[in-house]
Structure formats: C-alpha cells, structure tokens
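Asker: After the structure tokens below, expect a handful of questions from me.
The values are calculated or read from the model by the stated rules, or taken from the named source; none is laboratory data. Please read these numbers as outputs of a predicted model, since none were measured by experiment. Using ideal geometry, Cβ is built from the backbone for each residue, glycine included, and neighbour counts are taken over all protein chains shown.
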Amino acid sequence: MNHRNARTVFILVCALLPACSDSSEEAAPNASVDRLERQLELRDHADLLARMGLPDSTLAAFTTDGCSGGLSVGWEYLAEEIEDVRNYHGIRPPWEDCCIEHDRLYHAGTAIDATAEESFEARKQADLALLACVVETGDTRTAELSREYEVSSQTIHILYSTIAELMYRAVRIGGVPCSGLPWRWGYGWPECD
C-alpha cells in the first residue's frame, strides 16, 4: 500500500470511530480529526500545487457526475424503479445542485499560487459549504415533506442533517488531492505523479 492509500485508510478509520469525532448536531467537525487530516493531507496539497505549476499542466473543461460516489446514479435507479420517488422527489437527488457547485470548486482546486495550507483550507470550506447546502435544501423542503410523510419538521431536519453529515464525511475521506480518484480535489488538473 503506497503512502497516499495508507493515509486515506487511516483518515477513514479515524473519521468513523466515535472516539475521534463529535457527532452532536451543533458541533463542528472535531478539532483532533481536523488536525489529523491537515497533517496527513498537506503533502498531497503540495504535490497538487507542484503539478499545477508544471508547464504542461492545463485545467481541463469542467465536468460533473452530479453527486459522486454513485449517489446520483443510485438515486436515478431508485427513481426509475419506485414511482413514488420519481413522482415526488424527481429522478435526481433534491440536493444535486449542491453537489454540482461542490464539483465546480473541486474541479479547479485552489489558486496556482496558493500554499498547501491554503489549498487544504479551501477544500475544507468547499466541503463545509456542501454540508450547509444539503441542510438548507432540507430546510426549504421541510413543510412539504412534513405534510407528505406526516412527520415533524424536527424529523425532516434530523434526516437532512444526517444525509449532509454523511456526505461531508465521504468527501473529506474521498476528496483528498492526488488520490487518483475522479472526484479528487483539483480533478480538472492532470493527476499527480
């Protein structure tokens, strides 16, 4: 296992362990996880910036898969198979616009003259914006979903907050630069060596 894969696995394990994270609804991601991510990622951000600065590096045209990791594809499959999902929620996830905006930020990554620390912070802010956008999407749908499913607005908020938190954790784990994944930070740039 190379150093990039080993670090990604370590971050994954730590992000999923209750002792490493604070799952209370109002708490920001745990500071110890943030420090660990920063320590493990900064070299990857430096490698991305070095790759971006090479004379043969050009930013490719923007592409998006909607919500990565199969989320949009899976939703589309469910909508095709389950009429109520298709009719009431549509064939794309209700928060897909959040994912596309997130992809726009991930595509370019950071400014070419940024530091590794600035690149890390830019990615973190992009991921926090995704989390907030998904929660906001739920907030705008609360009244209609509460009526349709006969549940409290609190239940809708908890559901969307949980979805947002899971998506946040997934992008923190799977979006590391120079990972070789098609949805990595700076995916519009050539892959790092």
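Asker: Quick check on segment 113-136. Is at least one of its residues modelled with pLDDT of 95 or more, outside any helix (DSSP H, G or I) and surrounded by 16 or more Cβ atoms within 10 Å (Cβ to Cβ)?
Answerer: Yes - at least one qualifying residue is present in segment 113-136.
Asker: Working carefully through the options ALA50, ALA19, ALA28, find the one that is of a type in the set (A, V, I, L, M, F, W, C), farther than 30 Å from GLY90 by Cβ, at pLDDT 95 or above and out of contact with any strand residue (DSSP E or B) (no Cβ under 8 Å at 6 or more places or on another chain).
Answerer: Going through ALA50, ALA19, ALA28 in turn, the sole match is ALA50.
Asker: Follow-up. Among the residues of segment 60-77, write down those that are surrounded by 15 or more Cβ atoms within 10 Å (Cβ to Cβ) and either in contact (Cβ under 8 Å) with a residue 40 or more places away in the chain or out of contact with any Gly (no Cβ under 6 Å at 6 or more places or on another chain) (or both).
Answerer: Those that are surrounded by 15 or more Cβ atoms within 10 Å (Cβ to Cβ) and either in contact (Cβ under 8 Å) with a residue 40 or more places away in the chain or out of contact with any Gly (no Cβ under 6 Å at 6 or more places or on another chain) (or both): THR64, ASP65, GLY66, CYS67, SER68, GLY69, LEU71, TRP75, GLU76.
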